[in-house]
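Okay, structure first, notes after.
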2 protein chains.
Amino acid sequence: MARDVKVHRGLTTERVVDAALRAADEGGIEAVSLRRLAGALEVTPMAIYRHVRNKSHLLDLMVELLLDQVDLAPAETATWQDRLRRLLASFQAVVAAHPATALLLSRPFVSPAALRVSEALLATLHSAGFDAGQSVRLLQVITGMVLGPAINRATWAAASRNLPPDADRQQASTEGLSAGELPYLSSAADQVMDWSGGADANRLTIELLVGGLEALAAEPNRGGVPRTASRE
Amino acid sequence: MARDVKVHRGLTTERVVDAALRAADEGGIEAVSLRRLAGALEVTPMAIYRHVRNKSHLLDLMVELLLDQVDLAPAETATWQDRLRRLLASFQAVVAAHPATALLLSRPFVSPAALRVSEALLATLHSAGFDAGQSVRLLQVITGMVLGPAINRATWAAASRNLPPDADRQQASTEGLSAGELPYLSSAADQVMDWSGGADANRLTIELLVGGLEALAAEPNRGGVPRTASRE
DNA sequence: CGTGAATGTCTACGGCGTAGACCAATGTGT
DNA sequence: ACACATTGGTCTACGCCGTAGACATTCACG
């Protein structure tokens, strides 16, 4: 029963995942290659395979580590609004702290931690009065909202600079649009630059969601079969 | 001025992008490799480089083709609510029709078409009464909401089957959770299976958003500095 | 001490994106 | 009609990637 004994070179699954997460956080997901990782750990690429089934498994473990930091607010929380706020704020904090959360965009949301998050959200939505079908649909939207900022941290910076950073995609965008044709966009670009980190953006997101859910719960036919009305 | 003359082997940028898009739609983004693409077009891999700068550029062109299908509702639309509904419904339709929209999750949102979409959304938000700063933050959330379904089409199917499809990540999830511990999740799983395609899920998303925006616009201090109140 | 399991290494394979030299077809100017 | 430059496709090769399989070492325990 040799378990946690240090042997050979003290490589452990934990060390591997930690290193991978660090690499992903500071170099982007695509910076995580088994060979580079092995280099950082001063080990042969194949050594990693003693602690991780394959790269996909490694990425799953990284996701797990991230999502385990999410605080699933207890079910006893006073109102569903408060539970939702607390849960999502925690989720948002994790997303904000780790660029590696971009992993959640490409990987099935089915690890134990992910399931726990989903379960907590579904429970909250249930107590808000939504049925199972609606809750599932809402769940998808909510994760999208939370992950929104993760989708592109760099996008806006690139857009406002008229795309100098990457010489590759620079041409693709300078075809038909000049600065003047996008008044709102260019005026908004300034706002983005001094973006202090998005703390209030996150609050805005949550309140948008809570407000929307309240409205939806109060007027259930809205989300169901909408009146023929397309105006007013 | 030889322009649109057929020479050699009639490979064109359009044919390349079309084939790539088709491949991405039916095999996922990672199924798009220049070599495979070349095979499908009965051409050498390097031939593609005569029509596309590099892979990144190709992906940009694919995104462009997708986003050009989005109907930017005209600014004269009666209410901002209606314009938002129309614009987002169209966006959602594109997402639903093309699995390749997963590209939007990994690529800067800065192609001309993407900028046009963003501009239209910002204009709509402006007419709803939000200032530039809020609009930018909301924009991020909204695209997240719309792209939510794209984030994982396969996730739920995998989750409900207790993860049989992929032998790789199957283990990662069967550690601490058994079916009984996730009541809402497992009951919801059924709902997901007969998911007719998400038309009403999309409506739900839009109404959630509109309702949330209305609430936010009516009570602006909510999204700003929230009252100390954390209860009720 | 001996043995079997655990851990790291080496070598090698096929796939990827892509640089660079080459070459055939094409349309142009005289 | 003929040399010519341009266009579009091919070939070869490089360095990266994930990973299979055989091997070597080191440890835990009898």
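We did not get these values from a lab; they are worked out from the coordinates using the rules stated. None of these values were measured; they are calculated from a predicted model. Positions of Cβ are generated from backbone atoms using ideal geometry, with glycine treated the same way; all protein chains shown enter the neighbour counts.
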Proxy exposure order for A:98, A:8 (fewest C-beta within 10 Å first) is A:8, A:98
Taking every alpha carbon pair in the range B:56-131 and sorting the distances into 10 angstrom bins from 0 up to the bin holding the longest one, the percent per bin comes out as 20, 49, 26, 5
Once residue B:15 and residue B:186 are pulled to full extension, the length gained, defined as 0.36 nm per residue separation minus their Cα-Cα distance, is 57.1 nm
Hits in the range B:97-139: amide N under 11 Å from the 7 Å Cα→Cβ extension of residue B:56, namely B:108
Dimensionless Rg/Rh of the range B:1-110, both radii on Cα and Rh by Kirkwood, sits at 1.08
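Based on the Cβ-Cβ distance from residue A:46 to residue A:97, what FRET efficiency comes out when R0 is 35 Å, to the nearest 0.05?
Values: r = 32 Å, r/R0 = 0.91.
Rounded to the nearest 0.05, the efficiency is 0.65.
If you keep only loop residues by DSSP, which GluC sites (Glu not before Pro) in the range A:38-141 have at most 11 other Cβ atoms within 10 Å of their Cβ?
Numbers: sites: A:42, A:64, A:76, A:119; in loops: A:42, A:76.
Sites meeting the loop and neighbour criteria: A:42, A:76.
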Fewest-first ordering of B:94, A:146 by Cβ atoms within 10 Å yields B:94, A:146
The alpha-carbon center of the range B:126-142 and that of the range A:79-96 are separated, in whole Å, by 21
